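Input: a single structure, listed below in structure tokens.
Bear in mind these aren't lab numbers, they're just calculated from the coordinates by the rules spelled out. Fair warning: this is a prediction, and the values are worked out from it, not measured in the lab. Note that each Cβ is placed from the backbone with ideal geometry, even for glycine, and that neighbours are counted across all protein chains shown.
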Amino acid sequence: MIGVLVLSLGDIWMLIAQVFVICLGMFVIHPLAASEVNHNARSLGGFINGLYVLCYYTGGEFGA
């Protein structure tokens, strides 16, 4: 959220900092969310993990 808010400042260095913060947040949230999904889905762990990865990358594709 911090990276998105910094976007409104308009300076190129702020834009670079914003992209860095957003990427850092995504690198942190991806393994945490995947481990949470695997922890909560005990019997269908492989299927649920594959579904999570599919949704994650599909959302990234549409977001890009």
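Here the simple spin-label model places points 7 Å from the Cα toward Cβ, and for Glu36 and Val21 these points are separated by 2.1 nm. The angle between the Cα long axis of helix 12-40 and the longest principal axis of the Cα atoms of the chain comes to about 10 degrees, rounded to the nearest 10. Against the chain, whose longest principal axis is taken from its Cα atoms, helix 45-63 shows a tilt of about 30°.
Based on Cα contacts under 8 Å between residues 6+ apart, the chain shows a relative contact order of 20 percent. With the Cα gyration tensor of region 2-63 giving a ≥ b ≥ c as the square roots of its eigenvalues, does the rule (a/c under 1.5 for rounded; else a/b larger than b/c for prolate; else oblate) give rounded, prolate or oblate? Judged from the Cα gyration tensor, region 2-63 comes out prolate (a/c at least 1.5, a/b above b/c).
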